[in-house]
């Protein structure tokens, strides 16, 4: 047990201590998941795959997320560290696996940061168009030379707020998260009211069969649906990257992450049931299966469901994207901070602002990387941008799976000390980790098909597969370079493997 406390005690990186409680972490977790932004993008495509079994698929995606979250909690209870996946996988499996686990987290979050900023830009101009009844203003989102500077401005604002420290982060998040949750609940209730009054587009009263995963159909359809639903839960682990800044690092982050997952599934189920009840899953009109509605389901349904208050949904999606943009910045910044602290990256990444107690270089690099990624992919092709966002799902499954199995391996000598240990340190994370790694392999194989994602391909190979593998290869090359420049970490000198 002395080893457990020795590493934790030596890992003081200078972050602000005792600043965030469980409720604050819940707010940050919801903000990062960004339910308004996530649902408007995911409801249509998922319903198109599984029809009215949308609730069953959401539950199927929720299960591995919950199992992995419990494994994260066990690791955090024993060794709280802002590096999370990077630190824990290094201590369990060694520096090479740990470095790639950290890379998976950084790559996924940098990609989604650029996407969040892009969505914030789109709905910013849509909102202006609604306020001033101007199609020209709304159309500015499609003007490349307006879109790119606006997107970079949103990223710069998120970097500035994160740089100002955790207290600035919390004040902003309380307001933005409360607003989007209120609007989503309002939208859901309004949908049920339309169903009750007989004014719904395609009245479809909920039945228990919607919750039956066996009714989805074939395995491929089920897998595709689960893959989409896993993405909508991603982001809760940011609560653990802030563990060194919480009031009780060993317990509060675990409680915050578990609570976040349960609150999100409740919100998702409420909205999913409402949209099916109102719009149905047909392929015409307002139906969820209509291909023309896939890009943003709330943009299509907000006015029919909420009437004159539809503008609130545009504002909610804008605030959802903007708040998630800022809170998502927390994850890669603290992972880079830990990698710099333990000398897996240049020491500059380990710098902390003396006043704000926040990562300095790590935060700015995260923002610059996201901005550069967005500009390059947007100039190349909008399809390239969205295919890379699809590919990030593979990165999520990759680093979540590694972390869950790190829990199993690190606690392997303690499994049978109690029933609790068998369940929470072995069985649950093992099932969750294997499920996500299987999803990683299945998605990689499926994305070989040129029809996967946007349909773009190179030489008959799907662009999603090429981009996903490119991210992994870049990580391997960077790791090899760091191994030459900083061999101490890769020899286990700065962060030893202790099991």
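The values are calculated or read from the model by the stated rules, or taken from the named source; none is laboratory data. Model, not experiment: these values are computed from the prediction. Here the Cβ positions follow ideal geometry from the backbone for every residue, glycine too, while neighbour counts run over all protein chains shown.
The table for this structure:
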{"quantity": "Unique match (being closer than 18 Å to residue 226 by Cβ and surrounded by 17 or more Cβ atoms within 10 Å (Cβ to Cβ)) among 403, 390", "calculated": "390"}
{"quantity": "Qualifying residue in the stretch 373-387 (condition: crowded, with 24+ Cβ neighbours inside 10 Å, more than 16 Å from residue 121 (Cα to Cα) and at pLDDT below 90)", "calculated": "yes"}
{"quantity": "Options 245, 209; residue that is touching a helix residue (DSSP H, G or I) at 6+ places or on another chain (Cβ under 7 Å) and over 30 Å from residue 369 (Cβ atoms)", "calculated": "209"}
{"quantity": "Residue match in the stretch 132-143 (condition: buried (at least 16 other Cβ atoms within 10 Å of the Cβ), in a helix (DSSP H, G or I) and touching a residue at least 24 places away in the same chain (Cβ under 8 Å))", "calculated": "no"}
{"quantity": "Residue satisfying all of: in the stretch 286-314; more than 25 Å from the chain's Cα centre (by Cα) and in a loop (DSSP other than H, G, I, E, B); surrounded by the fewest Cβ atoms within 10 Å (Cβ to Cβ) among these", "calculated": "310"}
{"quantity": "Criterion: surrounded by fewer than 24 Cβ atoms within 10 Å (Cβ to Cβ), modelled with pLDDT of 85 or more, in contact with a helix residue (DSSP H, G or I) (Cβ under 6 Å, 6 or more places away or on another chain) and farther than 18 Å from residue 341 by Cβ - qualifying residue of 70, 59", "calculated": "70"}
{"quantity": "Identity of the residue in the stretch 447-469, under 23 Å from the mean Cα position of the chain (by Cα) and within 16 Å of residue 380 (Cα to Cα), that ends up surrounded by the fewest Cβ atoms within 10 Å (Cβ to Cβ)", "calculated": "454"}
{"quantity": "Residue under evaluation residue 340, criteria (1) modelled with pLDDT of 85 or more; (2) surrounded by fewer than 18 Cβ atoms within 10 Å (Cβ to Cβ), criterion not met", "calculated": "(2)"}
{"quantity": "Test result for residue 39, under 30 Å from residue 415 (Cα atoms), in a helix (DSSP H, G or I), modelled with pLDDT of 85 or more and under 17 Å from the mean Cα position of the chain (by Cα)", "calculated": "no"}
{"quantity": "Scope the stretch 263-313; condition at pLDDT below 90 and closer than 24 Å to residue 29 by Cβ; matching residues", "calculated": "296, 297, 298"}
{"quantity": "Contacts under 6 angstrom Cβ, first residue in the stretch 216-243 being at positive phi and crowded, with 22+ Cβ neighbours inside 10 Å, partner in a helix (DSSP H, G or I) and modelled with pLDDT of 75 or more, 6 or more apart", "calculated": "235/32; 235/33"}
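So that you can scan it fast, the table gives a plain yes or no per residue for (1) in contact (Cβ under 8 Å) with a residue 60 or more places away in the chain; (2) surrounded by 15 or more Cβ atoms within 10 Å (Cβ to Cβ):
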| position | (1), (2) |
| --- | --- |
| 397 | yes, yes |
| 410 | yes, yes |
| 413 | yes, no |
| 418 | no, no |
| 432 | yes, yes |
| 442 | yes, yes |
| 445 | no, no |
